[in-house]
Amino acid sequence: QVTKYVGGESPALHRIGGADWQSSKRKARKAIKQIAAELIRLYAARMSAPGFAFSADTPWQKELEDSFAFVETIDQQATIDEVKRDMEKPNPMDRIVCGDVGYGKTEIAMRAAFKGMMDGKQVALLAPTTILCQQHLQTFMSRMSDFPVSIEMLSRFRTSAQQRKIIDSLKLGSLDMVIGTHRMFSADLEFRDLGLLIVDEEQRFGVEHKEQLKMFSSE
C-alpha cells in the first residue's frame, strides 16, 4: 500500500535492497531503540514520582460549567467526571478522550483546564495548526472572561516580541494558560508550575513530540 509521506523532513529516495536503503534501515532501528529506552526511563520516573492531587471543584467551577450552552450527553458527563477523578488522585494522569467532531471534547478539556488553574497550576494546550489555536483561544477566553485567569496563544500569529513576553510570563508564573502549536517544542519554553497538558488531535503529533512535552511534568 502506498500512502502520502507525512514526515517532518524531505525524504531521500533509495533503491530497495541497495546500500543506502540498508544503511537507512540500520539508522532507523538504532533511533527506535534509543527512543524506546528513553520512553521506558520517562515512564518509570512518572510512575514512581507522586503526582499533584487537585482539589475538589470550587464554586467558580460550577459557575463556569453552568455557562455551557448545551445539555451534556450521558457519555460526555461520564468522561468529565472520570477526568476530574483522575485529576484528584495523587498520581500522574494519562488519559485519551475520543469522540467525533461536535461531541464535546473541547468542553471536557476546558473544564479540566479551569480546574487545574483554580488550584494555581499552569495549563498548556497543544494544537496542530495556528487556525485551531486561534479558535481555541477565542473559545476559552470567551467562556472564562468573568474569571481571574490569564490565557495566551503561542504561534506564528504572534510577533517575536510577543512570543518572548509570553515565554517570560510562563517562566515567571504570571500566565495561567498557553495555547500553542509546534512552537511549544522550542528549547526556550519553560513553565513555572505546569499542572496539566492537553493535546488536541494527538494523532497528528509524533511520539517524540508528545513525550518531549511530558518531560515538563517529570522534572
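Could you check residue 127 against (1) modelled with pLDDT under 90; (2) within 17 Å of residue 196 (Cα to Cα); (3) in contact with a helix residue (DSSP H, G or I) (Cβ under 6 Å, 6 or more places away or on another chain) and say which number it fails?
Just one mismatch for residue 127, condition (1).
I'm checking my understanding of the structure. Among residues of region 1-55 that are acidic (Asp, Glu) and not in a loop (DSSP other than H, G, I, E, B), which one is modelled with the highest pLDDT? Steps first, answer last, please.
Filtering region 1-55 for residues acidic (Asp, Glu) gives 9, 20, 38.
With the extra rule that they be not in a loop (DSSP other than H, G, I, E, B), the set shrinks to 20, 38.
On the way: 20: 90, 38: 84.
So, considering only residues that are acidic (Asp, Glu) and not in a loop (DSSP other than H, G, I, E, B), the one modelled with the highest pLDDT is 20.
Within region 72-94, track down each residue that is more than 13 Å from residue 53 (Cα to Cα) and either of a type outside the set (Val, Ile, Thr) or open to solvent by less than 20 Å² (accessible area, probe 1.4 Å) (or both). Working first, answer last.
Here is the first cut: in region 72-94, the ones more than 13 Å from residue 53 (Cα to Cα) are 72-82, 94.
Matches in region 72-94: 72, 75, 76, 77, 78, 80, 81, 82, 94.
Name the single residue, out of those in region 112-135 being surrounded by fewer than 21 Cβ atoms within 10 Å (Cβ to Cβ) and part of a helix (DSSP H, G or I), that is farthest from the chain's Cα centre (by Cα).
Filtering region 112-135 for residues that are surrounded by fewer than 21 Cβ atoms within 10 Å (Cβ to Cβ) and part of a helix (DSSP H, G or I), the one farthest from the chain's Cα centre (by Cα) comes out as 118.
Return the total of residues in region 155-168 being polar (S, T, N, Q), assigned to a helix (DSSP H, G or I) and out of contact with any strand residue (DSSP E or B) (no Cβ under 7 Å at 6 or more places or on another chain).
Residues of region 155-168 polar (S, T, N, Q): 155, 159-160, 162-163.
Applying the additional criterion that residues be assigned to a helix (DSSP H, G or I) yields 160, 162-163.
Add one more test, that the residue is out of contact with any strand residue (DSSP E or B) (no Cβ under 7 Å at 6 or more places or on another chain), and what stays is 160, 162.
Of the residues in region 155-168, 2 are polar (S, T, N, Q), assigned to a helix (DSSP H, G or I) and out of contact with any strand residue (DSSP E or B) (no Cβ under 7 Å at 6 or more places or on another chain).
Evaluate the following for residue 183: is it crowded, with 16+ Cβ neighbours inside 10 Å, of a type outside the set (S, T, N, Q) and touching a Leu at 6+ places or on another chain (Cβ under 7 Å)?
Numbers: crowded, with 16+ Cβ neighbours inside 10 Å: yes; of a type outside the set (S, T, N, Q): yes; touching a Leu at 6+ places or on another chain (Cβ under 7 Å): yes.
The answer is yes for residue 183.
Are any of the residues in region 95-109 open to solvent by less than 70 Å² (accessible area, probe 1.4 Å), under 23 Å from residue 141 (Cα atoms) and in contact with a Phe, Trp or Tyr (Cβ under 8 Å, 6 or more places away or on another chain)?
Yes - at least one qualifying residue is present in region 95-109.
For region 65-104, what are the residues that are free of Cβ contacts under 8 Å to residues at least 40 places away in the same chain, of a type in the set (D, E, K, R) and assigned to a helix (DSSP H, G or I)?
Result: 66, 75, 81, 82, 84, 85, 86.
The values are calculated or read from the model by the stated rules, or taken from the named source; none is laboratory data. Please read these numbers as outputs of a predicted model, since none were measured by experiment. Ideal geometry is used to build each Cβ from the backbone, glycine not excepted, and the neighbour counts take in all protein chains shown. Note: accessible area is taken over every heavy atom of the protein model, side chains too, but ligands, DNA and RNA are not part of it. Shrake-Rupley method; radii C 1.70, N 1.55, O 1.52, S 1.80 Å.
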